[in-house]
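What follows is one structure encoded as structure tokens, with my remarks underneath.
The values are calculated or read from the model by the stated rules, or taken from the named source; none is laboratory data. Here the structure is a predicted model, which means the values were calculated and not measured. Methodologically, a virtual Cβ is constructed for each residue, glycine included, from the backbone with ideal geometry; neighbour enumeration extends over all protein chains shown.
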Amino acid sequence: ETGVTQSPTHLIKTRGQQVTLRCSSQSGHNTVSWYQQALGQGPQFIFQYYREEENGRGNFPPRFSGLQFPNYSSELNVNALELDDSALYLCASSLWGNQPQHFGDGTRLSIL
Amino acid sequence: QQQVKQSPQSLIVQKGGISIINCAYENTAFDYFPWYQQFPGKGPALLIAIRPDVSEKKEGRFTISFNKSAKQFSLHIMDSQPGDSATYFCAASKPGGGTSYGKLTFGQGTILTVHP
């Protein structure tokens, strides 16, 4: 059984740039959720994707967007990067309507 | 609005001791309560989880105690080992499926240090 994989592991960007993060879900899982984890904090829910559509969003602005592909993999896109976007971005996969969610090791995004 | 409050922020325990971490929640619609363990540079890994129809669940050295009336749950780590040193997060979720979705709401985390 393949777990959740995320790429890249680390990324450095400057303010105003755009970034795309990628996630491959665990085999058999059809739902992907994205979380932002600031240093020293718990993960915060960004949004969830199922059947290639966004199903629920946390308190994040529209410059955070995503995609899910037919193979259930997903992308997180962030436009107009701000310094406060520096964080660990985590992807979690699950079966729709079910727990648990299994997390990848994240992408560490640093904004200069 | 902080819906899941976790304490303490940090905890130091001697090897062989019992580690206890507490969480309190506000939303009575929550029906799934997991605990995750996170090592530096890694994502959260599911340790153990409970639903409100039971008051306690044990898996190896890890036990969740759940008090529905008090809206509190706790993680007990028996015979704590240096390898247990990590950050622990409690979380809660409402039922998913249909038009709902099972987002996890996390506590702030507890840094556990187990001294040899």
Region A:82-111, residues that are among the acidic types (Asp, Glu) and out of contact with any Lys or Arg (no Cβ under 6 Å at 6 or more places or on another chain): A:GLU82, A:ASP84, A:ASP85
Every residue from region A:55-112 that is in contact with a Phe, Trp or Tyr (Cβ under 7 Å, 6 or more places away or on another chain), among the small types (Gly, Ala, Ser) and at negative phi: A:GLY58, A:GLY66, A:SER74, A:ALA92
Residues in region B:66-77: is at least one assigned to a strand (DSSP E or B), within 22 Å of A:LEU90 (Cβ to Cβ), more than 14 Å from chain A (Cβ to nearest Cβ) and modelled with pLDDT of 95 or more? yes
Residues being modelled with pLDDT under 95 and closer than 12 Å to B:SER93 by Cβ - total across region B:33-51: 1
So how many residues does region A:44-53 have that are more than 12 Å from the chain's Cα centre (by Cα) and part of a strand (DSSP E or B)? 2
Residue list for region B:86-116, restricted to those being away from chain A (no Cβ under 14 Å), touching a strand residue (DSSP E or B) at 6+ places or on another chain (Cβ under 7 Å) and surrounded by fewer than 17 Cβ atoms within 10 Å (Cβ to Cβ): B:THR113, B:HIS115
What tally of residues in region B:11-26 results from selecting those that are over 16 Å from the mean Cα position of the chain (by Cα) and surrounded by fewer than 17 Cβ atoms within 10 Å (Cβ to Cβ)? 5
Is it the case, given these coordinates, that A:VAL32 is farther than 16 Å from A:ILE111 by Cβ, of a type in the set (Val, Ile, Thr) and surrounded by 21 or more Cβ atoms within 10 Å (Cβ to Cβ)? yes
Selected residue (criterion: nearest to the other protein chains (Cβ to nearest Cβ)) from residues of region B:43-65 that are surrounded by fewer than 16 Cβ atoms within 10 Å (Cβ to Cβ) and in a loop (DSSP other than H, G, I, E, B): B:ARG51
I'd like the full set of residues that are outside any strand (DSSP E or B), aliphatic (A, V, I, L, M) and within 13 Å of A:GLN18 (Cα to Cα), limited to region A:54-100. A:ALA80, A:LEU81, A:LEU83
Based on what the data block shows, is B:PRO40 within 14 Å of another protein chain (Cβ to nearest Cβ), out of contact with any strand residue (DSSP E or B) (no Cβ under 7 Å at 6 or more places or on another chain) and farther than 27 Å from A:ALA87 by Cα? no
Could you list all residues from region A:12-53 that are aliphatic (A, V, I, L, M) and either in contact with a Pro (Cβ under 6 Å, 6 or more places away or on another chain) or within 12 Å of another protein chain (Cβ to nearest Cβ) (or both)? A:VAL32, A:ALA38, A:LEU39, A:ILE46
